[in-house]
């Protein structure tokens, strides 16, 4: 005989579940087998494993309202424990954990196949675990990861499983990732419509290079400086594994990591929304104590150039975000707007004008571009103390990038924002969480 609780009309039951938290849904799934069948997809289809304000807090002030509007999915209630819970979740799916191993492989495949939307902050502990885990998400459409740093001498040991994520339409990556992992995520890029990249190379701080200590954080070092990126072909840049000689540097500013191959970029045939973010030069006063990698900066700008040219036929919404690097103690002595004014038109700005702006100004080749947002590229005096109006560390070499883009794209919405600095720990060289 059917239980009365199972006779609730489908539309009424669906209405009830909309008001339940994850814990309530878990309890409901254990009431009957029929309820378990219906509720299980609700628990696994969308997974946002972080605190309620995680994304809004990390967004620029001008973009927070839009971020909150676009993100209407309630997250799991894991405030203060997000990274730990994310790690447990990934280990369970991969089977790399005692209680995770209790799940038979068929069950892990079943649960992984239910996930359509996944957003989590985590730490790389074993790249091999990443491969085992994400290979289960065969139906994943939206993937968003904030990867924090933990010293790991085997960071580059990543064996990509086959095949890639064939149904992925949105990919957002922020933090420290193995290059090969990023390339594996984009192994099937034809369906990707939205891409956000803010990928960093491994941090290098004075504690990691101190005499007598094991150098676990710095990347492999070469005795010779690599070939100048300006003299390298696109294929050479995409496949290059050379690293800048950092043997004499004890403190290195966070470095962007160029990950995409020319072949991957040429296959992004459906891309509509693109958000690219990178560190840039800070004030000149830091030059003696903080090394900013020109080599990494030029490589990422070359990637931006190639990516913009490869996707210009479909691109509709473009955001470029440049963040000057500040040392951890800068927060005690200045405000963000003053700091951004001080760092305006840095050498990184000049490199952008030379290497990326020409690709942006090809308006005839970008027929669908509707929105262009520039963050942290031009000087903004509004809201800055008068003392800072003429106090800048870099000469005023502005070429009015927003003005040129408005002239080239008269029908597009072009916005220009002050932006925010990127603060890093002096000891380890890594980006401060939330910054």
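Throughout, read-outs are computed from the coordinates displayed, never taken from laboratory work. Quick caveat, the model's predicted, so the values are computed rather than measured. Positions of Cβ are generated from backbone atoms using ideal geometry, with glycine treated the same way; all protein chains shown enter the neighbour counts.
Kindly rank 253-259, 136-142 from highest to lowest mean number of other beta carbons found within 10 Å of each residue.
Numbers: 253-259: 24.9, 136-142: 18.4.
Averaged packing, sorted descending, gives the order 253-259, 136-142.
When you count, for each residue, the other Cβ atoms within 10 Å and take the mean per peptide, how do 295-306, 105-116 rank with the highest first?
Ranking the peptides 295-306, 105-116 by packing returns 295-306, 105-116.
Kindly state, to the nearest 0.05, the FRET efficiency for residue 362 paired with residue 117, given R0 = 30 Å and r defined as their beta-carbon distance.
Details: r = 34 Å, r/R0 = 1.15.
Rounded to the nearest 0.05, the efficiency is 0.30.
Can you work out the FRET efficiency for the pair residue 407 and residue 110, with r the C-beta to C-beta distance and R0 = 45 Å, to the nearest 0.05? Numbers along the way, then the final one.
On the way: r = 55 Å, r/R0 = 1.22.
After rounding to 0.05, the efficiency reads 0.25.
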